[in-house]
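Chemist: Below is the structure I would like to discuss, written out as structure tokens.
Quick note: the coordinates plus some simple rules give every number you see, no bench work behind them. Keep in mind it's a predicted model, so treat the numbers as computed, not measured. Reconstructed Cβ throughout: ideal geometry from the backbone, glycine too, with neighbour counts over all protein chains shown.
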Amino acid sequence: MIWIIAKKELLSAWRNRTFLVAYSVFACLLATAAISGYRMYRQQYQERLHAAQETREQWLRQDSKHPHMAAHFGNFAFMPKTALSMFDVGLDAFTGTTIYLEPHRQNDFSFKPAEVRNASLRFGELSMALVLQVLLPVMIIFIAFASFSGERKGGTLKQLYAQGISFSQLYTGKFIGYGMVALVMLLPAVAMLLFVQLVFLEATAGVIMRIALLGLLYALYLLLFVGVALLVSALCKEPKSAVLILLAVWIANVILIPKWAANAGDNLHPLPTKYDFTRAIKTAIAQGIDGHDPSGARAEKLKKELLAQYQVDSTSRLPFNYEGYIMQAGEEYSSLVYDKHFAQLEKTLDRQNQISLWCSIIDPFLAVKGLSMSLSGTDYYTHLDFQTQAERYRRDFVQHMNRDMQNHSKLGDWDYNADRHVYEEVPPFKYRQRGIYESVKPYMIGLGSLLSWSMLILLSVVMLNRRAMQHIV
Amino acid sequence: MESGMKLFRFIARNELQILLRNRFQLLVLSLFVLIGVYSIYYGHTEITRQSERISQVEDSILNVQKAYRNFIQADTATASGKKEYEQAAYPYVVRFQYNFVAANKPAPVAALALGQRDLYPYYFVLNAQNLYTQTLKGEIYNPFKLSAGNFDLSFVMIYLMPLLIIGLCFDLVSFEKDTGTFTMLRISNFSFRSTMMSRLLFRYLLVAAIILVLSVTGFVVAGVSFSRSGLVMFNWLAVLLIYDALWFAILLFINSFNKSTSFNASAAISAWILLLIVIPSVLNLAGQRNKRTSAIPFATLMRSRSMPGTDAAMNSALRAFYDYYPALKPQDTSVKSLFFKYQGYSAFLAVDQMRSAAQVDKFYREVERSAARQERMNLINPAVNTQEMLNSLAATDLKTEFDFKAAVKQFHGDIFWFSNTALFANRAMSAEDYAHSPVFHFTPQTFQQRRLAGGILQLLLLALLLSAGGYRNLGDKKIVNR
């Protein structure tokens with residue numbers, strides 16, 4: 001019986017002309033999103049690769065100069081486009097693409113693509129993820145809202161119950177039918193993504209694994225919507241009420257809660273201005289992290305320790321350039337200060353984002369959005385990881401240049417010049433993408449939310465037997 | 001005419017009664033007003049915070065500037081006085097130590113449409129170093145919040161108001177069929193079309209009243225003065241009322257097909273998805289593809305500017321500089337001036353600044369052209385069109401940002417010459433120089449008449465087209481045939 005019901009629902013979807021038209025529009029949007037996503041990925045990947053090569057060449061071709069001055073010429077870290085950004089652009093337009101790496105300071109991301117776009121960008125960018133997250137659930141609502149309430153209005157529900165079918169059997173049959181429709185709509189997206197990655201982008205095993213997980217994630221999300229739509233339809237006397245409730249749920253999930261959560265986070269935990277942030281760092285470097293260790297006193301203490309260690313009476317008698325040593329010591333101290341302040345900043349950013357993460361308990365859209373971005377490598381935490389790796393690289397390359405100064409020049413010798421050989425010893429920056437578990441770890445609440453909602457629906461169906469549903473037959 | 005008024009009065013009384021008895025609709029209206037009030041609160045706190053931050057930075061910079069004005073008059077007979085004097089008097093020290101602030105202060109209506117303000121730094125602390133090494137390095141942002149956009153009044157009006165209209169009107173005609181009064185209405189004294197139009201008019205006025213109340217509340221909370229910003233307020237209301245009318249036209253059009261309530265609800269939400277998600281996101285693809293609007297090639301402009309410290313390098317930089325400023329060229333260039341090396345570096349900076357600026361200006365022009373190309377599609381993109389108009393009235397749009405950037409560039413020129421005039425004259429800074437310290441002025445243009453007129457016209461045209469279609473379909477014969 002369950003299969004007969006499932007077959008009937010599939011058949012009515014197939015015979016529904018409005019659904020077929022909507023599905024064609026959906027398929028066109030999906031194809032457009034896939035093609036433009038792929039083109040964008042290629043374009044931006046090449047652009048960033050070219051910029052990285054060019055700035056590397058500039059670094060290597062700079063004049064022979066004092067190592068510290070050469071360090072000030074600086075290096076760059078360009079956030080590489082991930083192959084799966086063609087599926088989910090995530091936060092790419094709103095995170096910067098470039099970090100300028102120079103001694104003494106940790107810079108923030110520059111060049112957000114959104115900076116050179118008008119207000120329309122806030123309305124969203126067409127991507128395969130947007131189509132699946134936002135538009136596909138509406139299509140599910142439109143085809144499923146009348147599944148029970150329509151039969152009730154048409155009088156066929158009574159007939160079905162009269163044949164001895166239970167509510168859970170009827171629900172299961174309809175769920176299988178509409179679930180198959182939802183999965184059939186999802187399938188081309190996953191197939192298209194896999195095809196492009198395998199044929200055009202030489203996908204690695206990691207990428208294929210991520211695509212498989214994305215497929216499972218969206219399947220769970222869409223089936224959840226099917227489950228909710230059927231449940232609401234079963235509980236509403238009129239199709240009109242069912243469609244209104246479902247659309248209200250969709251709007252709250254997709255528009256209201258995500259926007260409110262992000263804005264409330266910003267409102268409750270405001271970020272410092274760069275001016276205040278930089279000033280606090282400068283003060284901490286000058287006066288010591290705790291305000292009791294001024295830089296002059298620190299340098300003096302270090303000098304005394306060095307003189308005692310090497311048993312000499314003047315810094316000029318040290319076997320290395322004292323200025324280079326003190327510069328690196330200063331760099332290391334400023335790194336401590338930066339670490340402390342950036343840890344505080346990250347904590348504030350994390351607190352802001354936590355509101356959205358916790359809201360994903362009531363909002364499956366937020367849960368899927370976070371997980372989808374993380375699997376595609378376009379979320380906040382991936383960008384944070386990039387920033388951390390870029391900062392580590394900055395410290396290494398500045399240290400390398402300071403050590404060169406320390407070991408190859410004498411005190412007061414600012415005429416010593418490093419050459420291309422020294423520049424080549426600094427390797428180019430390369431970002432290593434995080435593993436799958438590391439990527440999705442911050443979004444486990446979301447995954448828990450999706451599973452809990454699924455369980456809740458299952459439980460509701462088991463509890464709502466025919467007798468319980470009789471009053472709305 | 002009189003019978004029309006009579007009908008409207010009758011319908012309005014009836015509609016009001018139905019509204020007051022319908023708890024669901026009252027709940028939806030109250031919820032909308034509450035969300036509107038929250039959005040006003042949100043916008044107000046954001047803008048107040050921005051204003052406070054600007055004031056803090058300005059105060060901090062002004063305090064330092066004040067200290068310099070005292071330093072220049074310090075008693076050089078004392079060691080500390082001499083040190084202070086040297087700090088303020090040597091132009092080669094002052095050029096990179098004496099800072100200025102250039103702030104894009106929020107316009108009065110900014111709290112109601114935060115627009116692009118959260119994307120850009122709204123102040124810069126500047127000295128005579130290269131402008132781009134000081135302005136291109138990123139600010140502190142949360143990209144997640146940026147991508148979500150702002151929960152301001154413009155969001156409520158553009159995204160949620162259409163939903164309220166859908167909630168009020170999706171069953172305008174089908175309600176009569178559901179309740180069995182459709183035939184009764186058709187045989188009444190008044191035409192079916194007039195009855196439906198009067199009903200729509202009442203609901204339009206209801207939503208217009210909510211728009212008016214929320215906007216005026218927003219103006220009051222944001223402290224917008226009618227005498228100074230009356231025109232902006234008037235245009236704000238005009239844009240919203242026309243956008244409101246467009247959505248009523250859409251609902252009239254959908255209802256005119258005389259389909260079931262469920263169909264109407266689905267069609268209205270589909271129209272909402274189309275206008276607020278699908279069309280803007282598809283048109284955004286065009287903007288993305290323009291390679292010439294990528295800022296990545298400017299990465300190197302962030303680099304610290306350095307040059308070899310040799311005489312030859314200095315002379316070369318000065319020669320290039322004097323080509324631009326021949327009046328500053330000394331008569332005898334073979335004699336090294338007092339500040340020769342410092343002048344060499346300043347000359348290098350000035351020439352480099354001009355070259356970088358030409359490159360950046362070209363880029364900004366391309367971005368403006370790209371934005372203008374996108375605006376051409378606004379007829380089929382009414383939500384973005386409305387958002388752009390509100391942002392322009394609030395001076396939070398892309399154009400205002402470019403105007404601000406242009407003003408900052410000009411101000412940076414003044415900053416450069418503040419210390420470098422003395423440097424190239426081989427003299428110390430004076431109290432007179434400090435008395436004429438440049439101050440940044442920027443007043444955003446909140447009323448771009450042509451742009452606004454074009455935008456409003458596009459909204460009106462679309463509203464008229466749909467209303468005409470809907471009005472025609474509602475004709476007695478047509479509605480029965482359907």
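Chemist: Quote the convex hull volume per residue of the range A:148-251, based on C-alpha atoms, as a whole number of Å³.
Modeler: 112 Å³
Chemist: What residue among B:Met5, B:Pro308, B:Ala357 has its Cα farthest toward the positive end of the dipole of chain B, where the charges are +1 on Lys, Arg and -1 on Asp, Glu, each on the Cβ?
Modeler: B:Met5
Chemist: In percent, what relative contact order does the range A:102-244 have, based on Cα pairs under 8 Å that are 6 or more apart in sequence? The partial results should precede the final answer.
Modeler: On the way: 88 pairs, mean separation 62.4, N = 143.
RCO, the range A:102-244: 44 percent.
Chemist: Follow-up. Highest mean first, what order results for B:430-440, B:330-340 on Cβ atoms within 10 Å? Walk me through the intermediate numbers first.
Modeler: On the way: B:430-440: 14.3, B:330-340: 11.1.
Order by mean packing, descending: B:430-440, B:330-340.
Chemist: Right, next: Any lysines with Cα under 30 Å of the B:Lys105 Cα? List them, leaving off those in the same chain fewer than 8 positions away.
Modeler: Within the straight-line cut-off, B:Lys105 pairs with A:Lys112, A:Lys259, A:Lys274, A:Lys282, A:Lys347, B:Lys66, B:Lys137, B:Lys145, B:Lys362, B:Lys399, B:Lys405, B:Lys409.
Chemist: Treating only the Cβ of Lys, Arg, Asp and Glu as charged (+1, +1, -1, -1), what charge dipole size does the range A:332-422 show about its Cα centre? Round to the nearest 20 debye.
Modeler: Value, rounded to 20: 120 debye.
Chemist: Suppose a student asked you for the relative contact order of chain A, using Cα pairs under 8 Å spaced at least 6 residues apart; what percent would you report? Display every interim value, and only then the final one.
Modeler: Values: 564 pairs, mean separation 118.8, N = 473.
About 25 percent, as a whole number.
Chemist: Translational diffusion coefficient of the range A:1-145 at 20 °C, 1.002 mPa s, Stokes-Einstein with Kirkwood Rh over Cα pairs, in µm²/s as a whole number.
Modeler: Here the translational diffusion coefficient equals 112 µm²/s.
Chemist: Quick one: the Cα spread of the range B:36-179 along its three principal axes, in angstroms, biggest first?
Modeler: 98, 26, 20
Chemist: What are the extents of the Cα atoms of the protein assembly as shown along their three principal axes, listed from largest to smallest and rounded to whole Å?
Modeler: On the principal axes, the protein assembly as shown reaches 104, 67, 47 Å in Cα extent.
Chemist: Another one. Quick one: Karplus J couplings for the range A:67-77, per residue in order, coefficients 6.51, -1.76, 1.60, θ = phi - 60°, nearest Hz, x for Gly and Pro?
Modeler: x, 6, 5, 5, 4, 5, 4, x, 10, 10, 10
Chemist: Can you sort A:Thr97, A:Thr348, A:Thr172 so the residue with the fewest Cβ neighbours within 10 Å comes first?
Modeler: Taking fewest neighbouring Cβ atoms as first place, the list is A:Thr348, A:Thr172, A:Thr97.
Chemist: Under the rule of at least 5 residues apart or a separate chain, name every residue whose amide H is placed under 5 Å from the amide H of B:Tyr123.
Modeler: Hits under the 5 Å cutoff: B:Asn104.
Chemist: Sorting check: for A:109-116, B:234-241, which peptide has the highest mean count of neighbouring beta carbons within 10 Å, and how do the rest follow?
Modeler: The peptides rank, most packed first, as A:109-116, B:234-241.
Chemist: Place the peptides B:368-381, A:198-211 in order of packing, highest mean first, counting for every residue the other Cβ atoms within 10 Å and averaging per peptide.
Modeler: Ranked by mean Cβ neighbours within 10 Å, highest first: B:368-381, A:198-211.
Chemist: Evaluate the charge dipole of the range B:383-482 about its Cα centre and quote only its size in Debye, nearest 20, assuming +1 on the Cβ of each Lys and Arg and -1 on the Cβ of each Asp and Glu.
Modeler: Roughly 840 debye for the range B:383-482.
Chemist: Across the range A:150-155, in residue order, what do the Karplus-derived ³J(HN,Hα) couplings come to in whole Hz, using 6.51 cos²θ - 1.76 cosθ + 1.60 with θ = phi - 60° and x for Gly and Pro?
Modeler: Coupling constants for the range A:150-155: x, 5, 5, 5, x, x Hz.
Chemist: Still on this structure: Could you list A:Val461, A:Val243 so that the one with the fewest beta carbons within 10 Å of its beta carbon is first and the one with the most is last?
Modeler: Values: A:Val461 19, A:Val243 28.
Going from least to most buried by this count: A:Val461, A:Val243.
Chemist: Tell me, what ³J(HN,Hα) does each residue in the range B:202-213 have, in order and in whole Hz, if you take phi through Karplus 6.51 cos²θ - 1.76 cosθ + 1.60 with θ = phi - 60° and put x for Gly and Pro?
Modeler: 4, 5, 4, 5, 4, 5, 4, 5, 5, 4, 4, 5
Chemist: Hey, another quick one. Could you give the size of the charge dipole of the range A:28-112 about its Cα centre, using +1 on the Cβ of each K and R and -1 on the Cβ of each D and E, expressed in debye and rounded to the nearest 20?
Modeler: Using Cβ point charges on Lys, Arg, Asp and Glu, the range A:28-112 gives about 100 debye.
Chemist: Sticking with this one: Taking the Cα centre of the range A:145-266 as the origin and placing charges on Cβ (Lys, Arg +1; Asp, Glu -1), which of A:Leu214, A:Ala262, A:Ala146 is farthest toward the positive end of the dipole?
Modeler: Selected residue: A:Ala146.
Chemist: When the Cα atoms of chain A are enclosed in a convex hull and the volume is divided per residue, what value in Å³ results? Present the calculation step by step, with values, prior to reporting the outcome.
Modeler: Working: hull volume 81.4 nm³, N = 473.
Hull volume normalised by residue count: 172 Å³.
Chemist: What is the diffusion coefficient of the range B:237-370 in µm²/s, taking the Kirkwood radius over Cα pairs and the Stokes-Einstein relation at 10 °C with a viscosity of 1.306 mPa s?
Modeler: D = 76 µm²/s.
Chemist: Could you list, bin by bin from short to long, the percent of Cα-Cα pairs of the range A:144-183 in 5 Å steps?
Modeler: Reading the bins upward from 0: 6, 23, 28, 28, 11, 4, 0.
Chemist: Starting from the alpha-carbon convex hull of the range B:6-103, give the projected area averaged over all orientations, in nm².
Modeler: Details: hull surface 48.3 nm².
Result: 12.1 nm².
Chemist: Using the eigenvalues of the Cα gyration tensor, what equivalent ellipsoid semi-axes result for chain B when each is taken as the square root of five times the eigenvalue, whole Å, largest first?
Modeler: Sorted largest first and rounded, they come to 62, 23, 16 Å.
Chemist: Shifting gears a bit: State the answer as a single residue: which of B:Asn426, B:Gln449, B:Ala406 lies farthest towards the positive end of the charge dipole of the range B:399-482, with beta carbon charges of +1 for Lys and Arg and -1 for Asp and Glu, about the Cα centre.
Modeler: Result: B:Gln449.
Chemist: Right, something else. Inside 10 Å of the C-beta atoms of A:252-264, what's the mean count of C-beta atoms belonging to other chains?
Modeler: If you average over the peptide's residues, the count of other-chain Cβ atoms is 5.
Chemist: Using only the C-alpha atoms of the range A:317-448, find the volume of their convex hull and express it per residue in Å³.
Modeler: Spelled out: Cα convex hull of the range A:317-448, divided by residues, is 119 Å³.
Chemist: For B:Met307, B:Met196, what's the fewest-to-most ordering of other Cβ within 10 Å of each Cβ?
Modeler: Working: B:Met307 16, B:Met196 23.
Lowest to highest Cβ neighbour count: B:Met307, B:Met196.
Chemist: For A:Ala418, list long-range residues whose amide hydrogen, built 1.01 Å from N in the peptide plane, is under 5 Å from its own amide hydrogen.
Modeler: Those qualifying (amide H under 5 Å, at least 5 residues apart or on another chain) are A:Lys65, A:His66.
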